1. Write down, largest first, the equivalent ellipsoid semi-axes of region 216-340 in whole Å, where each equals the square root of 5 times an eigenvalue of the alpha-carbon gyration tensor.
2. Quick check on region 183-240: take the gyration tensor over C-alpha atoms, sort the square-rooted eigenvalues as a ≥ b ≥ c, and tell me if it's rounded (a/c under 1.5), prolate or oblate.
3. Pop out the ³J(HN,Hα) list for region 169-174 in order, Karplus 6.51 cos²θ - 1.76 cosθ + 1.60 with θ = phi - 60°, rounded to Hz; leave Gly and Pro as x.
4. Given the C-alpha centroids of region 189-263 and region 128-172, what is the distance between them in whole angstrom?
5. Quick one: putting +1 on the C-beta of Lys and Arg, -1 on the C-beta of Asp and Glu, what dipole do you get for region 116-181 around its Cα centre, in Debye to the nearest 20?
6. So which residue, out of 267, 313, 300, gets the largest mean-square fluctuation from a GNM of the chain using Cα contacts under 10 Å as springs?
7. For region 291-308, what does the Karplus curve 6.51 cos²θ - 1.76 cosθ + 1.60, with θ = phi - 60°, yield as ³J(HN,Hα) per residue in whole Hz, taken in order and with x for Gly and Pro?
8. Find the Cα radius of gyration of the chain, compare it with 2.2 N^0.38 Å by division, and give the number to two decimals.
Amino acid sequence: MENTDTKILEDVLDLLTTDDGAVAVVPHSNPDGDAIGSAYALATVLRNAGKNVKIVTPNDYPAFLGWLNGEIDIINYLKNKDVAKNYILNSSLVFFVDFNEPGRLDNMEKMLPFIKGKKILIDHHPDPKSFCEYTISEPTYSSTAELIYDVVKAIGWESFIDKRTAEALYLGMMTDTGSFSYGTSRPGLYRALSSLMTYGIDTETIHSLVYDNFSVNRFRLLGYCLQHKMVILPEFRTAYIAITDNELKMFGFVPGDTEGFVNVPLSIHNIVFSALFIEKENYIKASFRSKGSFPVNSFSASHFSGGGHLNASGGESKGSIEKVIEQFTQLLPQYQDLLNNA
Ligand SMILES: [Mn+2]
């Protein structure tokens, strides 16, 4: 770990061993594979160490991640506000995983000032906001899951990793790297993977449970987006898809259905920048992906109130979807050089 000095790790270990109160593990809202995988992995380690631990999610998680459920209680804040609130406010430790700013907690953010326990952030997004007593932030890591593995090892709790932990960690690493196709330059990732294999995890089944689990509606929506909505701008090596609420309804949209769509155009020859715009109730949700050096995080921070990683970022915009498309396409000329050289 490059940013995390041993003092923080010693303090976290100290908190875990001296306080026998409840522990909450909290991923970001609309959790992806890394958020749920990291939360689940950390929770199983803490449980195996004898802690009373539950996961609290700001909202529901996509059905294709549901296979991980079963061993650890997961409280959905949207469905069980009082239970979730009660648990978090009375926990002596609250771990936040896989996000760098409190807005990603959605409605749970307002609880932050009332949390009595110590707050610990474990994350790999750059430039974390300061909202926790302890911040373990390592932006060079592929995934929070990879970081959780190193943190667990660093505090000497590797013996509390079990097969379920290993499955959850593998899930996080696999989904945050597009099945090990990007963000995979750290040797430590492969050392972690090699160690996870010793727990007898079935990586083919995990892959299949995540990626071969589309609903028919989701697959047809993807086909519709590629056939009718994807716009290619070869002069900017860019592709974008903008989809309205009505179109989503045509395909019986459920949360998670558009997950990963933004990556698909990057498979096209000479496309290095992909954007996905989705019409929500009061805003347009934006997702950006790139190949090579084009920095979607600073692009998004400058124009779409977002942030994230060099090659993967989110953002949002007010106004109609037509306006957002206009804004987006008008921005591209000023990025011509960066796009050409990406
Ligand atoms: Mn992540």
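1. Details: eigenvalues 100, 53, 33 Å².
Sorted largest first and rounded, they come to 22, 16, 13 Å.
2. Working: a/c = 7.63, a/b = 1.64, b/c = 4.67.
The shape class here is oblate.
3. Rounded to whole hertz, the list is 5, 4, 4, x, 5, 5.
4. 25 Å
5. Details: 7 positive and 10 negative charges, 66 e Å.
The dipole magnitude comes to about 320 debye.
6. 267
7. Each residue's phi maps through the Karplus curve to give 10, x, 9, 5, x, 5, 5, 6, 4, 5, 4, 6, 10, 10, 6, x, x, x Hz.
8. Rounded to two decimals, the normalised Rg is 0.99.
The values are calculated or read from the model by the stated rules, or taken from the named source; none is laboratory data. Note that the structure is a prediction, hence the values are computed from the model and not measured. Don't worry about glycine lacking a Cβ; one is built from the backbone with ideal geometry, like all the others, and counts go over all protein chains shown. Ligands, DNA and RNA are excluded from the accessible area calculation, which covers all protein heavy atoms including side chains. Shrake-Rupley method; radii C 1.70, N 1.55, O 1.52, S 1.80 Å.
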